[in-house]
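Asker: Provided herewith is a single structure, encoded as structure tokens, for subsequent inquiry.
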Amino acid sequence: MAARLRPSNKRCAVIGGSGFLGRHLVEKLLDRGYTVSVFDIRKSYELPGVAFYRGDLCDQQALLPALEAVSLVFHCASPAPACDDRELFKRVNIDGTRTVIQACTEAGVQKLVLTSSASVVYEGRDIKNGKEDLAYAKKPLDFYTETKIEQEKLVLEACGPGNGLLTVAVRPHGIFGPRDPQLVPVLVDMARRGRMTFIIGDGTNLVDFTFVENVVHGHILAAESLQPGSSTCGKAYHITNDEPVRFWDFLSELLVGLGYKPPRYHLPYPLVYGLALLLWLLALILRPLVSFKPTFTPMRVALAGTYHYYSCDRAKRDLGYKPVVGLKEGIQRTVQSYPHLRRDAPVEARRDQVGPTGLFN
Ligand code: NAD
């Protein structure tokens, strides 16, 4: 039998490391002197010093080689919220997370950091400065959120001496930044099709948008806080920019920065929400006969028309968290990183193709 390597404090694995957040996390970990393995169903880039393992996290045997001699695992993989596929969410986010925990225990991993989501407490009603002790949503608005709740519970409950694993959950909200395949490309696509003319509601609802480097910073602080007996074990932490912003002002700043007109006309929130609900129900009823996925789901309409911003005081107090990039700078850096999506970009440069997807998760 081959000798097992001893886990090193600076050796970590990022499950979902090919994704938007995952890749930013990998880059920062390398900067900080970590040795990084990436485990993902796809390989989206090459980086010196990173070992890639391709596989499905639901397959424990595929996961184990990526966790060998690793002391710290970040789990930031999930199917995209827009896929709206209940079975897939359940398989990956719930059953797959159970497999990740088992694999960590089997491989002798000491710490597991889950990327959860602030949406686990969101039910479509206003949340203003929500704290981590808010109850989980009893009626989550979509399958993604439903399974993120179960996923977070599994990871937090796994914390303890029983299986030798220390766990913590980071709950970001509205991650944005360079290389995000969702928010800016989707926004620009909608603007080009003339679909960014309307504001849902009165446009005053405050929300969190969090620059990706702040989310990465929160993850690393959470990981480094985990020590035997530490009070952060088994807890969830909101990581935000700590600068709530009007949802529609934020989108408008991105649009105007890229040369597009901001939305101007208002539509009543209850009307749009009611229509979205109707469409969603219709899609559900007709699913056996025809398959169509409405772009405006009740979740997306709710996120666009309600308040949802969260307190990150617990992270400040327990982790020493403070955003490292302010909102204004984050927006500027994001806009600058998409020259090909500018309104005046030559047509040949417009390489991003986007599918029907969401602006938040
Ligand atoms: P992303 O889609 O860019 O990255 C997710 C990665 O997970 C992808 O690379 C994908 O290939 C991988 N993956 C999916 N299923 C897998 C499987 N079965 N096995 C192995 N790998 C698999 O998404 P992201 O925006 O970077 O989100 C990362 C995490 O952050 C997710 O857990 C998401 O729920 C959470 N989150 C995101 C936001 C946001 O605004 N983007 C907000 C809150 C929480």
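Asker: In what sequence do H266, H238 fall when counting other Cβ within 10 Å, fewest first?
Answerer: Details: H266 13, H238 27.
Ascending Cβ contact count within 10 Å gives the list H266, H238.
Asker: I would also like to ask the following. What is the angle, in °, between the Cα long axis of helix 327-336 and the longest principal axis of the Cα atoms in the chain? Nearest 10 is fine, range 0 to 90.
Answerer: With both axes taken from Cα atoms, the answer is about 80 degrees.
Asker: I would also like to ask the following. Restricting to DSSP H runs of at least four residues, report the calculated mean residue ellipticity at 222 nm for the chain, -39500 (n - 2.57) per run over all residues, nearest 500 deg cm²/dmol.
Answerer: On the way: 12 runs with 129 residues, N = 361.
One gets -10500 deg cm²/dmol as the mean residue ellipticity at 222 nm.
Asker: What list of ³J(HN,Hα) values in whole Hz, one per residue of the stretch 196-211 in order, does the Karplus curve 6.51 cos²θ - 1.76 cosθ + 1.60 (θ = phi - 60°) give from phi, with Gly and Pro shown as x?
Answerer: Those phi angles translate into 10, 9, 10, 9, 8, x, 7, x, 9, 5, 8, 9, 9, 10, 10, 5 Hz.
Asker: While we're here: Per residue and in Å³, how big is the convex hull formed by the alpha-carbon atoms of the stretch 148-307? Don't jump to the answer; show the numbers that get you there.
Answerer: Values: hull volume 24.4 nm³, N = 160.
Measuring per residue, one finds 153 Å³ for the Cα hull of the stretch 148-307.
Asker: Would you work out which of Y237, L284, P263 lies farthest towards the positive end of the dipole of the stretch 225-285? Charges go on Cβ: Lys and Arg +1, Asp and Glu -1.
Answerer: Towards the positive end, the residue furthest out is L284.
Asker: Which whole-percent values make up P(r) of the stretch 175-264 when all C-alpha to C-alpha distances are grouped in 5 Å steps starting at zero?
Answerer: 3, 12, 18, 18, 16, 10, 8, 6, 5, 3, 1, 0
Asker: Further question on the same structure: Give the angle, between 0 and 90 degrees and rounded to the nearest 10, that separates the Cα long axis of helix 269-286 from the longest principal axis of the Cα atoms of the chain.
Answerer: Relative to the chain, helix 269-286 is tipped by roughly 70 degrees.
Asker: Can I get the semi-axes of the chain's equivalent ellipsoid? Compute them from the C-alpha gyration tensor as square roots of 5 times the eigenvalues, in angstrom, largest first.
Answerer: Values: eigenvalues 228, 98, 87 Å².
Equivalent ellipsoid of the chain: 34, 22, 21 Å, largest first.
Asker: At q = 0.11, 0.12, 0.15 Å⁻¹, what is the log10 ratio I(q)/I(0) for the stretch 96-219, with the Debye formula run over Cα points and no solvent?
Answerer: Normalising to I(0) and taking log10 leaves -0.51, -0.60, -0.87.
Asker: Can I ask one more? Show the residues, 5+ positions off or on another chain, whose built amide H is closer than 5 Å to the amide H of G130.
Answerer: Result for G130 returns Y309, Y310, S311.
Asker: Choose one answer from A169, A222, A107: the residue with the largest mean-square fluctuation in a GNM of the chain with alpha-carbon springs under 10 Å.
Answerer: A107
Asker: So for the stretch 213-361, averaging the separation of alpha carbon pairs under 8 Å that are six or more residues apart and normalising by length, what relative contact order in percent results?
Answerer: On the way: 115 pairs, mean separation 51.5, N = 149.
Over the stretch 213-361, the number comes to 35 percent.
Asker: Quick check: from the Cα gyration tensor, does the stretch 72-129 come out rounded (a/c under 1.5), prolate or oblate? Write out the running numbers ahead of the final one.
Answerer: Working: a/c = 3.11, a/b = 1.57, b/c = 1.98.
Cα axes put the stretch 72-129 in the oblate bin.
Asker: Let me check the size of the stretch 121-191 from its C-alpha atoms; what are the radius of gyration and Dmax in Å?
Answerer: Radius of gyration, then largest Cα-Cα span, for the stretch 121-191: 15.9, 52 Å.
Asker: Once Rh for the stretch 48-167 is found with the Kirkwood sum over Cα pairs, what is the Stokes-Einstein diffusion coefficient at 20 °C and 1.002 mPa s, in µm²/s? Before the final figure, lay out each step's value.
Answerer: Values: Rh = 15.3 Å.
It diffuses with D of about 140 µm²/s by this estimate.
Asker: Then there's this: Convert each backbone phi in the stretch 103-117 into a coupling constant with the Karplus relation 6.51 cos²θ - 1.76 cosθ + 1.60 (shift: θ = phi - 60°), then list the ³J(HN,Hα) values in order as whole Hz, x for Gly and Pro.
Answerer: Working through the residues one at a time gives 5, 4, 5, 4, 7, x, 5, 9, 10, 10, 10, 9, 8, 8, 7 Hz.
Asker: Oh, and also: Given a cut-off of under 8 Å on Cα pairs at least six residues apart, what relative contact order in percent is computed for the chain? Before the final figure, lay out each step's value.
Answerer: Numbers: 714 pairs, mean separation 65.2, N = 361.
Normalised by residue count, the contact order of the chain is 18 percent.
Asker: Further, regarding this structure: If you place +1 on the Cβ of every Lys and Arg and -1 on the Cβ of every Asp and Glu, how big does the dipole about the Cα centre of the chain come out, in debye to the nearest 20? Can you show the working numbers first?
Answerer: Details: 44 positive and 37 negative charges, 62 e Å.
I would put it at about 300 debye.
Asker: Out of P48, P323, P244, any idea which swings most in a Gaussian network model of the chain, alpha carbons joined below 10 Å?
Answerer: Highest fluctuation of the listed residues: P48.
Asker: Hey, what do the phi angles of the stretch 249-257 turn into as Karplus ³J(HN,Hα) couplings, whole Hz, using 6.51/-1.76/1.60 and θ = phi - 60°, x for Gly and Pro?
Answerer: So the Karplus estimates, Gly and Pro as x, are 5, 4, 4, 5, 4, 5, 5, 5, x Hz.
Asker: List the residues, sorted by chain then number, that are 5 or more residues from Y53 or on another chain and whose placed amide H is less than 5 Å from its amide H.
Answerer: For Y53, the qualifying residues are V38, F39, D40.
Asker: While we're on this one: Just check the stretch 215-361 against the gyration tensor rule for me: Cα atoms, a ≥ b ≥ c as the square roots of the eigenvalues, rounded for a/c under 1.5, and otherwise prolate or oblate depending on whether a/b exceeds b/c.
Answerer: Numbers: a/c = 2.00, a/b = 1.34, b/c = 1.49.
Judged from the Cα gyration tensor, the stretch 215-361 comes out oblate (a/c at least 1.5, b/c at or above a/b).
Asker: Let me ask something else. Could you pull out every residue, at least 5 positions away or on a different chain, whose amide H is within less than 5 Å of the one on F176? Hs are placed 1.01 Å off N in the peptide plane, and Pro or chain starts have none.
Answerer: Sorted by chain and number, the residues that satisfy this are T210, F211, V212.
Asker: Take the residue pairs K28/K322; K90/K148; K90/K131 and return only those whose Cα atoms are more than 21 Å apart.
Answerer: Numbers: K28/K322 16 Å; K90/K148 9 Å; K90/K131 26 Å.
Where the Cα-Cα span goes over 21 Å, the pairs concerned are K90/K131.
Asker: Now for a different question. To one decimal place, what Kirkwood hydrodynamic radius in Å is obtained for the stretch 159-207 from all pairs of distinct Cα atoms? Provide the component values of the computation, followed by the final result.
Answerer: Working: mean 1/r = 0.0674 Å⁻¹.
Final number for the Kirkwood radius of the stretch 159-207 is 14.8 Å.
Coordinate-derived values only; no laboratory data. Please read all numbers here as calculations on a predicted model, not as lab measurements. Please note: Cβ atoms are built from the backbone with ideal geometry, for glycine as well, and neighbour counts cover all protein chains shown.
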